[in-house]
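Reviewing the structure listed below.
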Amino acid sequence: MKIVVCIKQVPATGADKRYADDLRLDRAGVEAIINPLDEYAIEQALRLVDDGSVESVTYLSMGPEQASEALRRALAMGGDDAVLVTDPALAGADEWGTAKVLAAALDKLAPDVALMGMASDDARGSLVPGAVAAMRNLPLLSYGAELNVADGAARVRRLSATGYDWLSAPLPLVATVTDQVGEPRYASLKGIMAAKRKPMQTWSLSDIGLSADDLHGAALTRVTDTRAPEEKPPTERIENLPAAEAATKIADWLTTRKLI
Ligand SMILES: Cc1cc2nc3c(=O)[nH]c(=O)nc-3n(C[C@H](O)[C@H](O)[C@H](O)COP(=O)(O)OP(=O)(O)OC[C@H]3O[C@@H](n4cnc5c(N)ncnc54)[C@H](O)[C@@H]3O)c2cc1C
């Protein structure tokens with residue numbers, strides 16, 4: 001049983017996210033991390049290795065050369081090997097372009113389960129898993145709080161309005177898990193050392209049977225403008241006043257703004 005975990009390298013959560021002149025996220029000089037929600041997908045895959053239901057874990061990422069750092073960090077947590085798909089033609093790839101590339105790479109890796117996080121930390125599109133499943137004509141089990149595989153099928157336990165649902169589908173498939181699968185393990189020093197020796201391949205578009213033309217410039221969408229959010233006026237607090245005085249102040253505040 002083989003799992004491929006798709007991980008995205010993103011700017012560190014607190015990092016100052018700026019756009020470059022070409023209106024793409026300026027990743028130069030910005031600390032980059034494994035997409036936080038992908039760490040839960042890694043943890044879920046490694047738990048399936050721990051319970052013996054999965055033999056091998058491969059990590060797959062599409063991104064610039066530096067994304068190999070994120071793959072090494074994942075290998076330090078566990079797993080067997082990694083693949084980075086990188087190509088100048090992929091700069092500025094959108095959801096569609098990313099899904100097309102991941103689908104082609106997954107066709108080549110042919111896992112039983114392609115496991116992903118529920119969203120990226122920078123774009124938060126949550127579109128790639130569904131798009132990959134559709135492009136590969138495979139089932140999608142999404143937002144799993146737990147994933148297990150047995151007898152040629154996989155099952156996820158998913159939070160619902162009334163409790164949990166169990167969903168299952170035959171392998172191969174695409175699945176996403178949430179942060180409910182359990183705390184991601186820390187990479188041990190032994191794990192970090194071992195990760196340096198674990199195999200990592202670098203594939204270009206032609207290695208997965210795609211050309212730049214197939215990708216229409218890697219994006220069907222185009223960022224045409226970016227604006228910083230408007231500054232909000234400072235919050236006004238009305239507290240420690242006698243009720244009547246507080247009520248008057250609130251009424252004046254609402255009246256001034258024509259809210260009453
Ligand atoms: C601020 C911002 C806004 C954007 N807005 C749009 C937009 O409106 N429309 C659009 O088409 N594109 C948009 N993009 C581009 C988009 O982020 C990228 O195409 C991205 O690679 C895929 O989308 P996502 O980050 O939303 O991934 P999601 O769909 O949120 O990712 C879900 C899961 O897919 C897997 N995954 C995603 N990307 C990769 C990867 N590169 N390598 C391996 N696994 C991956 C991970 O497991 C991840 O948890 C935007 C980018 C940014 C930074």
*Hits in segment 52-73 - residues which are more than 29 Å from GLY217 (Cβ to Cβ) and of a type outside the set (Asp, Glu)*: GLY52, SER53, VAL54, SER56, VAL57, ARG72, ARG73
_Filtered residues of segment 13-32 (kept if open to solvent by 40 Å² or more (accessible area, probe 1.4 Å) and without any contact (Cβ under 8 Å) to a residue 40 or more places away in the chain)_ = GLY14, ASP16, ARG18, ASP21, ASP26, ARG27, ALA28, GLY29, GLU31
*asked:* Is it the case, given these coordinates, that THR221 is assigned to a loop (DSSP other than H, G, I, E, B), open to solvent by 90 Å² or more (accessible area, probe 1.4 Å) and closer than 30 Å to ALA74 by Cβ?
replied: yes
_For segment 50-62, give me each residue that is surrounded by fewer than 17 Cβ atoms within 10 Å (Cβ to Cβ) and either assigned to a loop (DSSP other than H, G, I, E, B) or among the aliphatic types (A, V, I, L, M) (or both)._
ASP51, GLY52, SER53, GLU55
*Those residues of segment 72-93 which are crowded, with 22+ Cβ neighbours inside 10 Å, more than 12 Å from the ligand (Cβ to nearest atom) and in a helix (DSSP H, G or I), in sequence order*: LEU75, MET77
*Do we have THR178 as under 28 Å from TRP96 (Cβ atoms) and touching a strand residue (DSSP E or B) at 6+ places or on another chain (Cβ under 6 Å) here?*
yes
*Name the single residue, out of those in segment 109-165 being on the phi > 0 side of the Ramachandran plot, part of a loop (DSSP other than H, G, I, E, B) and without any contact (Cβ under 8 Å) to a residue 60 or more places away in the chain, that is farthest from the ligand (Cβ to nearest atom).*
ASP151
*Can you pull out the residues in segment 94-108 that are within 10 Å of the ligand (Cβ to nearest atom) and open to solvent by 40 Å² or more (accessible area, probe 1.4 Å)?*
GLU95, TRP96
*Return the only residue of GLU43, GLU69, GLU65 being assigned to a loop (DSSP other than H, G, I, E, B), away from the ligand (no atom under 12 Å from the Cβ) and over 19 Å from LEU127 (Cα atoms).*
GLU65
*Are any residues in segment 180-200 in contact (Cβ under 8 Å) with a residue 60 or more places away in the chain, within 24 Å of VAL85 (Cβ to Cβ) and open to solvent by 90 Å² or more (accessible area, probe 1.4 Å), and if so, which ones?*
LYS196
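The values are calculated or read from the model by the stated rules, or taken from the named source; none is laboratory data. Note that this is a predicted model, so its numbers are computed, not measured. Note that we place each Cβ from the backbone using ideal geometry, even for glycine, and neighbour counts take in every protein chain shown. With ligands, DNA and RNA removed, areas are computed over all heavy atoms of the protein, side chains included. Shrake-Rupley method; radii C 1.70, N 1.55, O 1.52, S 1.80 Å.
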